Amino acid sequence: MRLKPFGRTGVAVPAIGQGTWYMERDGRPNAVAALRAGLDLGVSHIDTAEMYGSGLVEEIVGEAIAGRRENVFLVSKVLPQHASFEGVLRACEGSLGRLRTEHLDVYLLHWRGSHPLEQTIGGFERLVRDGKIRFWGVSNFDVEDLEAALAIAGEGRMACNQVLYHLEERAIEHEVIPWCREHGVAIVGYSPFGSGRFPSATSGGGRALAEIARARRITPRQVALAFLVREDTVFAIPKSSSVEHVRENAAAGDVELSAEEVEQIVNAFPLGRQPRTLPAL
Ligand SMILES: NC(=O)c1ccc[n+]([C@@H]2O[C@H](COP(=O)([O-])OP(=O)(O)OC[C@H]3O[C@@H](n4cnc5c(N)ncnc54)[C@H](OP(=O)(O)O)[C@@H]3O)[C@@H](O)[C@H]2O)c1
């Protein structure tokens, strides 16, 4: 599995990680087995949030990583309504308890809400000083929000921006990816399979993926993941509660597409105009 520098953290993280949204619906043993299979394959980046299953998913992750915490790059998120200074500290304690761990690798603001960013970032920095989190980042931040966070925190503090990124939604390529590259902020692309709406095999895009996949003896989803993580600064976190799917997704971390293949995909899934607001789920 290809490792890449995660922003300016100094940590090397696999190009492909594991999402966990709605895992509470998949049956706990399946979810735990899938996460553990991923860890066995080096898919160490696990993304969760206090929001998922109202805490149930963090408990599932806690069970999956028990006894192997040192091999996990563990990320969770605080809800915007909890993101006051004191609220961040409280929410983090809750997540640590459910995850049965002493610290998070990265703690994210799930999306920007009404609490002033100064408070949220102040809470994050306190957590770093107290050893409860190693790094902090943001999610669903457009360039304007990123500028605001940078003005408060200064360069080199924000580890990542987690944003929607899949073949049919490439809006972050307009400004968000270039901004993050310039400021050393990793991009974590969420919902890489369109959150369960992967291009059908009969669509124009689906046929283009199938053609590349056939020639390489890989699957269309592996082609899609390889495309999404083609840049050094971009990571993807597909969610799966199936061991077989986790294996398929992990193997995509070793696929490097040629310039011709990238161009074929770009043509099949046009970027489109920049939307007025950053798309999010
Ligand atoms: N920050 C945010 O606001 C935000 C928002 C959305 C998502 N996220 C994060 O990003 C993660 C991924 O996004 P997502 O869960 O929305 O959707 P996704 O990863 O795009 O798609 C997940 C769906 O694809 C299926 N799948 C996965 N691998 C497959 C494979 N190899 N073959 C066939 N089907 C496969 C899964 O089913 P199986 O489980 O059956 O494999 C599931 O139905 C989330 O879980 C979450 O951690 C963050």
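Here, each number is a calculation from the coordinates, and none is a lab measurement. On a predicted model such as this, the values are computed, not experimentally measured, just so you know. When we count neighbours, we look across all protein chains shown, and the Cβ atoms used for this are built from the backbone with ideal geometry, even at glycine.
Order of V234, V88 from fewest to most other C-beta atoms within 10 Å? Don't skip to the end; give the middle numbers.
Values: V234 21, V88 26.
Fewest-to-most Cβ neighbours within 10 Å comes out as V234, V88.
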Vicinal HN-Hα couplings computed from phi for the stretch 67-75 (Karplus, 6.51 cos²θ - 1.76 cosθ + 1.60; Hz; Gly/Pro x):
x, 9, 4, 5, 9, 10, 9, 9, 10
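If each DSSP helix of 4+ residues adds -39,500 (n - 2.57) and the sum is divided by the residues in the chain, what number results at 222 nm, nearest 500 deg cm²/dmol?
On the way: 10 runs with 110 residues, N = 281.
Counting only the DSSP helices, I get -12000 deg cm²/dmol.
Using a Förster distance of 35 angstrom, determine the FRET efficiency expected from the C-beta separation of S195 and R126, and round it to 0.05.
Once rounded, the FRET efficiency stands at 0.55.
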Do any trypsin sites (Lys or Arg not before Pro) in the stretch 159-241 lie in a DSSP loop with no more than 15 other beta carbon atoms within 10 Å, and if so, which?
R197, R217
Note on the chain: alpha-carbon gyration tensor, axes a ≥ b ≥ c; rule is a/c under 1.5 for rounded, else prolate if a/b larger than b/c, else oblate; result oblate
Rank A34, A226, A208 by mean-square fluctuation in a GNM of the chain with C-alpha springs under 10 angstrom and give only the top-ranked residue.
A208
Just A250, A201, A268 to compare: in a GNM of the chain, with alpha carbon springs under 10 Å, which one fluctuates most?
A201
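Run the numbers for E93 and R181: contour at 0.36 nm per residue of separation, minus the present Cα-Cα distance, in nm.
Numbers: separation 88, 0.36 × 88 = 31.68 nm, distance 3.16 nm.
So the extension gain works out to 28.5 nm.
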Tail fraction, Cα-Cα pairs, the stretch 1-112, threshold 15 Å, whole percent
62
What distance in nm separates the simple spin-label points at S203 and Q119, each placed 7 Å from Cα in the Cβ direction?
4.1
If you average the sequence gap of Cα pairs under 8 Å that are 6 or more apart and divide by the length of the chain, what percent do you get for the contact order?
22
Just to confirm my numbers, what's the Cα centroid distance between the stretch 63-106 and the stretch 259-281 in Å?
33
Under the rule of at least 5 residues apart or a separate chain, name every residue whose amide H is placed under 5 Å from the amide H of W136.
Y107, A159
Fraction in percent of alpha-carbon pairs per bin - 5 Å, the stretch 71-230
2, 9, 17, 18, 16, 12, 11, 7, 5, 3, 0
Ranked from fewest to most other Cβ atoms within 10 Å of their own Cβ, I16, I152 fall in the order I152, I16
Descending principal axes extents, the stretch 140-281, alpha-carbon based, whole Å:
48, 33, 27
Using only Cα atoms, what Kirkwood radius does the stretch 73-144 have, in angstroms?
11.8
Mind checking the full-extension length gain between E256 and A280? Use 0.36 nm per residue of separation minus the Cα-Cα distance, one decimal, nm.
5.9 nm
Using θ = phi - 60° and Karplus 6.51 cos²θ - 1.76 cosθ + 1.60, couplings along the stretch 269-281 (whole Hz; Gly, Pro as x):
10, x, 5, x, 6, 6, x, 5, 10, 5, x, 8, 9
So how far apart, in nm, are the two label points at Q81 and R214 if each is 7 Å from Cα heading toward Cβ?
5.1
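So if each residue of separation counts as 0.36 nm, and I subtract the Cα-Cα distance between L150 and H174, what length gain in nm does that give?
So the chain would gain 6.7 nm between L150 and H174.
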